[in-house]
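Student: One structure, as structure tokens, below. Some questions next.
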């Protein structure tokens with residue numbers, strides 16, 4: 001990594017020792033005149049030039065601006081427009097993030113009279129039309145270096161720590177993880193500490209000047225560190241393949257296969273991300289709400305004159321001190337439900353009263369039940385599977401809760417207690433597979449030496465049975481796929497076509513104008529990386545006995561490419577992503593059944609390629625908001641992603657070799673490998689036995705196919721209902737979220753989602769509407785503090801106690817947890833007599 005000096009678009013400027021890559025210091029007065037930009041240059045301490053909005057004649061205070069503008073987060077438009085081509089551009093359902101007043105102004109700007117309205121034109125030019133973007137993202141840029149030695153050292157250090165911890169935590173139930181927000185917060189003291197202690201001496205390498213300490217730690221360096229964390233902290237999906245191979249199938253291809261698999265699956269999506277930039281990054285309408293949390297926090301960290309707000313609780317405390325207090329409290333508190341009084345984690349008191357009553361444990365259990373009384377005092381249960389409820393807007397949370405209550409509680413209860421799918425003989429909610437004797441399905445009885453299906457042995461053994469919520473989750477996955485296609489067609493077909501036609505000459509918003517001053521990362525960079533990773537994918541699938549044909553591999557990548565745009569639009573607006581895992585399983589299970597490892601590979605390349613591509617796109621949007629040079633973004637993403645792959649493979653192998661009883665259901669510290677178990681079960685259902693023997697007409701779960709039709713019809717009903725009653729709450733309904741929002745069930749349970757929804761209602765609806773001053777100032781910091789405190793406490797407990805063989809105190813509050821059928825996963829109503837079976841006689 002050789003340092004270089006930034007190039008200006010209009011000549012060369014004196015070298016800046018803080019810079020290590022070109023484009024970091026491009027001034028925005030170059031190539032964008034005052035008339036075009038609508039801004040006046042102002043000197044700002046610590047930077048050479050900033051651009052301040054001049055629509056009101058003065059620069060507004062960013063904190064007050066944040067409070068005022070964030071008030072419309074998540075609101076939907078209720079305006080009605082004609083169905084013609086022009087009016088449909090601002091159709092109500094086209095963009096639920098755009099509020100009424102902005103919609104009317106935009107429509108006015110399109111009329112002939114608006115050309116005399118200079119104030120309206122200036123407002124539209126100088127800031128985003130989206131209030132949540134205006135609230136979080138600065139509409140000016142600063143000339144600051146970001147590609148520095150300091151940023152790289154801190155960033156890669158956090159990559160190592162975060163990737164290691166998250167890989168370890170992914171084996172735990174409930175799984176928890178460190179997010180990029182945590183890295184963002186930790187990097188602040190690290191960067192400022194570096195600036196205070198490191199020497200400022202300048203070095204000259206091959207004629208290029210650089211320094212270990214280029215000056216004060218700045219917001220752009222910080223942003224680069226966050227990007228490195230974002231692409232590396234998430235645990236590679238391919239690690240579940242490794243888990244399934246090593247733990248469940250007892251198959252080991254060696255460390256070389258593992259590294260090739262993880263690297264190729266994590267990075268092959270870069271090429272798709274490069275092609276999707278003009279659709280998902282450049283347009284102002286592609287908001288990516290999750291990024292606004294990081295941007296808001298980032299700007300708050302660098303407020304030079306933060307003003308206290310004595311009108312709200314905690315308003316007189318500096319925001320970073322508030323975060324430190326919340327983190328400390330969360331760290332200390334977790335020792336109670338996580339170690340000293342574990343009954344507080346899943347407070348299912350009816351199961352303590354009747355620990356061996358199957359129905360009570362099914363209805364009220366929080367581990368393998370549906371939790372009709374969702375009580376927990378553990379942040380792990382609330383945020384572990386789904387993420388913090390203090391981040392998504394309330395309408396997204398509400399849509400998810402609708403799906404959970406109706407499908408996983410109401411409908412699942414009806415199905416279970418009326419004996420649908422022989423439900424009386426299996427648990428109500430878990431992620432395991434069962435045979436017709438009620439025991440765990442023994443895959444070794446139907447496997448050949450080449451790890452393919454032995455059909456004769458299968459016919460002599462048993463069909464496969466699932467828990468009620470597991471079966472329901474597959475039906476909802478079918479509905480989510482069809483609803484996504486219909487939803488995208490109804491609401492975004494014109495926008496997609498228009499952006500496709502106008503992508504090269506579309507009028508940019510202020511943020512896009514600023515980014516035009518930097519050199520774009522050439523498309524051939526993305527395509528070259530895509531080609532390299534495609535080659536590694538071919539080596540992975542063909543050089544080892546995976547049973548995956550070359551054309552199947554290409555088909556998987558093609559599926560990812562085709563769905564990246566519609567799913568990306570949904571995620572960019574709602575902050576929710578619909579997965580392709582079930583669709584890829586469905587396709588491959590029919591075209592090449594009986595190959596479990598090949599199925600896992602096909603699913604990973606067909607699903608994770610898209611998921612990673614959209615993750616990279618999200619990071620590009622974050623860089624877009626923070627005005628990070630695109631070439632620096634590309635380099636930081638690629639290096640951090642690749643390094644994290646090696647780290648995750650190493651940590652996974654370490655954990656499997658050093659944690660006693662790992663991946664067993666009764667593992668004392670709950671290192672039960674929940675995600676790996678689901679992955680293994682799916683490989684049995686879709687790969688080994690195949691969907692034709694499970695879901696096709698005449699099979700046990702054939703009725704689930706009706707969900708394809710339900711998913712296609714519901715978006716149409718909601719669409720026309722919203723047209724008919726535009727001011728009713730129906731306008732907030734999103735069918736893909738209702739069907740697919742609870743995709744983590746199982747291994748998650750309704751307890752996780754219901755408690756998440758309750759906390760989300762309190763913070764994202766009640767507090768946001770009643771105590772907006774507190775919410776706008778401290779909500780996101782509170783969320784980050786709770787997550788970080790939990791992660792640090794869990795890490796401390798593991799290495800201080802678990803790793804050294806120290807057991808939790810033995811008393812009623814800890815012992816009662818393990819006595820229930822809910823915890824033991826034995827809550828079944830009926831068991832076949834010895835030597836007897838249940839289910840169909842032939843299969």
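Student: For region 543-568 and region 293-327, what is the separation of their Cα centres, given in Å?
Tutor: Each part's Cα centre sits 45 Å from the other's.
Student: Under 1.5 on a/c is rounded, so check that first for region 511-579, then, if it is not, pick prolate when a/b is larger than b/c and oblate when it is not; a ≥ b ≥ c are the square roots of the alpha carbon gyration tensor eigenvalues. Intermediate results must be reported in sequence, preceding the final value.
Tutor: Details: a/c = 3.84, a/b = 1.58, b/c = 2.43.
Verdict is oblate for region 511-579.
Student: Also: Based on the Kirkwood radius over alpha-carbon pairs, what value in µm²/s does the Stokes-Einstein equation return for the translational diffusion coefficient of region 563-651 at 25 °C and 0.890 mPa s?
Tutor: Values: Rh = 15.0 Å.
The diffusion coefficient I find is 164 µm²/s.
Student: How far apart, in nm, are the 7 Å Cα→Cβ label points at residue 842 and residue 197?
Tutor: Each label point lies 7 Å from its Cα, and together they span 7.6 nm.
Student: Would you please state which residues of region 700-715 a label at residue 830 would reach in this model, taking the label point 7 Å out along Cα→Cβ and a backbone N cut-off of under 18 Å?
Tutor: Those under the cut-off are 700-701.
Student: Moving to a separate point now. Report, in whole Å, the centroid distance computed from the Cα atoms of region 241-258 and region 167-224.
Tutor: Region 241-258 and region 167-224 have Cα centres spaced 34 Å from each other.
Student: Then there is this: Among 399-412, 676-689, what's the highest-first ranking by average C-beta atoms within 10 angstrom per residue?
Tutor: Details: 399-412: 20.2, 676-689: 25.4.
Going from most to least packed, we get 676-689, 399-412.
Student: Taking the highest mean first, how do the peptides 465-472, 767-774 order by number of other beta carbon atoms within 10 angstrom per residue?
Tutor: Numbers: 465-472: 25.6, 767-774: 15.2.
Ranking, from highest mean packing down: 465-472, 767-774.
Student: With N set to the number of residues, divide the alpha-carbon radius of gyration of region 227-386 by 2.2 N^0.38 Å and report two decimals. Could the numbers behind the result be given before it?
Tutor: On the way: Rg = 23.0 Å, N = 160, 2.2 N^0.38 = 15.1 Å.
That ratio works out to 1.52.
Student: Going by the alpha-carbon gyration tensor, a ≥ b ≥ c the square roots of its eigenvalues, is region 363-505 rounded (a/c under 1.5) or, if a/c is not under 1.5, prolate (a/b greater than b/c) versus oblate? Walk me through the intermediate numbers first.
Tutor: Working: a/c = 2.34, a/b = 1.40, b/c = 1.67.
Cα axes put region 363-505 in the oblate bin.
Student: Take peptides 484-491, 322-329, 750-757 and line them up by average Cβ neighbours within 10 Å, highest first, as a rough protection proxy. Present the calculation step by step, with values, prior to reporting the outcome.
Tutor: On the way: 484-491: 20.1, 322-329: 18.4, 750-757: 26.2.
Averaged packing, sorted descending, gives the order 750-757, 484-491, 322-329.
Student: Taking the Cα-to-Cβ direction at residue 591 and at residue 696 and moving 7 Å from each Cα, how far apart do the two end points lie in nm?
Tutor: 1.7 nm
Student: Also: What percentages make up the Cα-Cα pair-distance distribution of region 715-843 when the bins are 10 Å wide from 0?
Tutor: For region 715-843, the binned pair fractions read 9, 17, 27, 22, 16, 8, 1 percent.
Student: For residue 654 and residue 160, calculate 0.36 nm times their separation in residues minus their Cα-Cα distance, and state this gained length in nm to one decimal.
Tutor: On the way: separation 494, 0.36 × 494 = 177.84 nm, distance 1.48 nm.
Residue separation times 0.36 nm, minus the Cα-Cα distance, leaves 176.4 nm.
Student: Continuing with the same structure: At a Förster radius of 51 Å, what calculated FRET efficiency corresponds to the Cβ-Cβ distance of residue 516 and residue 251, to the nearest 0.05?
Tutor: On the way: r = 52 Å, r/R0 = 1.01.
So the FRET efficiency works out to roughly 0.50.
Student: Indicate the gyration tensor shape class of region 254-319 (rounded, prolate or oblate), computed on the Cα atoms with a ≥ b ≥ c the square roots of the eigenvalues: a/c under 1.5 is rounded; otherwise a/b larger than b/c is prolate and the rest oblate.
Tutor: Values: a/c = 4.45, a/b = 2.01, b/c = 2.22.
It is oblate, given that a/c is not under 1.5 and a/b is not larger than b/c.
Student: I've got another one for you. Place a point 7 Å from the Cα of residue 353 along the Cα-to-Cβ direction; which residues of region 803-830 have their backbone N under 19 Å from it?
Tutor: 813, 816-823
FYI, it's all coordinate maths here, none of it is from the lab. Treat the numbers as computed from the prediction; the structure is a model and nothing was measured. A quick note on method: Cβ atoms are made from the backbone with ideal geometry, for glycine too, and the neighbour counts reach across all protein chains shown.
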